[in-house]
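Peer 1: Please see the structure below; I have some questions.
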Amino acid sequence: MKYVEAPNSLKNLERPWVFLAGGITNCEDWQTPMTQELQGKVSKGTILNPRRANFPMGDPSAAEKQIRWEHQALWRADVVAIWFAGGESVQPIVMFEFGGHLARRGLRQLRHLVVGVDPSYSRKADVELQLKAHNFCFNNPGLSSSSESLDIVPHKDFESYVQAVALICGHIQNGPLWPDVEDNNCWKVWGNEI
């Protein structure tokens, strides 16, 4: 898989796109091992990583640029892979994104959502209850051989979480899964395409 880190261009990237949604601030770097594992398991596609190697904290425009990139990448991704990292951080932005993507999936605007929760994440029960409220069960991926299936794959350990993302990527053929989402302007609310 190819790799793109925020805020680099999203133009002309190989599908499927996998967005690594999850804790960054005050969280361990789970994105690096996730990227390494996916690149070892999946040959086709692009990993979109919002965690930057060097975020310019002194640049007042950096936050807006970051959020614009994340918004566009999330709305255009074929797979949204959310990981709630362990540790002290409650990760409120991840919770916000999680709720939004559960809603998108319910509206059939997102085909593949993979949710993983580190056992030490302080709000693990909240994530599990949200998934139960949306009628999803842990460790019951329900994957099919068709790229037309709607999958939400919740996992309680990192290894099975990575495996589920890799498996879904293997099922996806070419092109965006939801052309109407790709072609409409919902991801362009911030202006020009990145």
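The values are calculated or read from the model by the stated rules, or taken from the named source; none is laboratory data. Every value quoted in this text rests on a predicted model; they were computed, and no experiment measured them. We place every Cβ from the backbone using ideal geometry, glycine too, and count neighbours over all the protein chains shown.
Peer 1: Over 12 Å from the mean Cα position of the chain (by Cα) and either more than 19 Å from Ala6 (Cβ to Cβ) or of a type outside the set (Phe, Trp, Tyr) (or both): does that describe Arg105?
Peer 2: yes
Peer 1: Please go through region 112-127 and give me each residue that is out of contact with any strand residue (DSSP E or B) (no Cβ under 7 Å at 6 or more places or on another chain) and not polar (S, T, N, Q), ordered by number.
Peer 2: Pro119, Arg123, Ala125, Asp126 - these are the residues of region 112-127 that are out of contact with any strand residue (DSSP E or B) (no Cβ under 7 Å at 6 or more places or on another chain) and not polar (S, T, N, Q).
Peer 1: Determine whether region 51-69 contains at least one residue that is in contact with a Gly (Cβ under 9 Å, 6 or more places away or on another chain), surrounded by fewer than 15 Cβ atoms within 10 Å (Cβ to Cβ) and assigned to a loop (DSSP other than H, G, I, E, B).
Peer 2: no
Peer 1: Pull up region 74-88, narrow it to residues that are touching a helix residue (DSSP H, G or I) at 6+ places or on another chain (Cβ under 6 Å) and not in a strand (DSSP E or B), then point me to the one that is nearest to Ala166 (Cα to Cα).
Peer 2: Arg76
Peer 1: List the residue pairs whose Cβ atoms are under 8 Å apart, where the first residue sits in region 55-83 and is basic (Lys, Arg), the second is in a helix (DSSP H, G or I), and the two are 6 or more positions apart or on different chains.
Peer 2: Filtered contacts from region 55-83: Arg76/Val181; Arg76/Glu182; Arg76/Trp187.
Peer 1: Hey, another quick one. Is there a residue being surrounded by 12 or more Cβ atoms within 10 Å (Cβ to Cβ), within 21 Å of Asn12 (Cα to Cα), modelled with pLDDT under 85 and of a type in the set (A, V, I, L, M, F, W, C) anywhere in region 79-101?
Peer 2: no
Peer 1: Continuing with this model, one more query. Quick check on region 5-12. Is at least one of its residues surrounded by 14 or more Cβ atoms within 10 Å (Cβ to Cβ), at pLDDT 95 or above and either among the acidic types (Asp, Glu) or under 13 Å from the mean Cα position of the chain (by Cα) (or both)?
Peer 2: yes
Peer 1: Here is a further query. Just name the residue that is modelled with the lowest pLDDT out of those in region 41-50 that are under 18 Å from Ala73 (Cα atoms) and crowded, with 19+ Cβ neighbours inside 10 Å.
Peer 2: Filtering region 41-50 for residues that are under 18 Å from Ala73 (Cα atoms) and crowded, with 19+ Cβ neighbours inside 10 Å, the one modelled with the lowest pLDDT comes out as Gly45.
Peer 1: Across region 16-40, what is the number of residues that are farther than 20 Å from Val127 by Cα, surrounded by fewer than 18 Cβ atoms within 10 Å (Cβ to Cβ) and touching a residue at least 60 places away in the same chain (Cβ under 8 Å)?
Peer 2: Total satisfying the criteria: 2.
Peer 1: Confirm whether Asn174 is polar (S, T, N, Q), at pLDDT below 50 and either under 16 Å from the mean Cα position of the chain (by Cα) or closer than 23 Å to Glu70 by Cβ (or both).
Peer 2: When the stated conditions are applied, Asn174 does not pass them.
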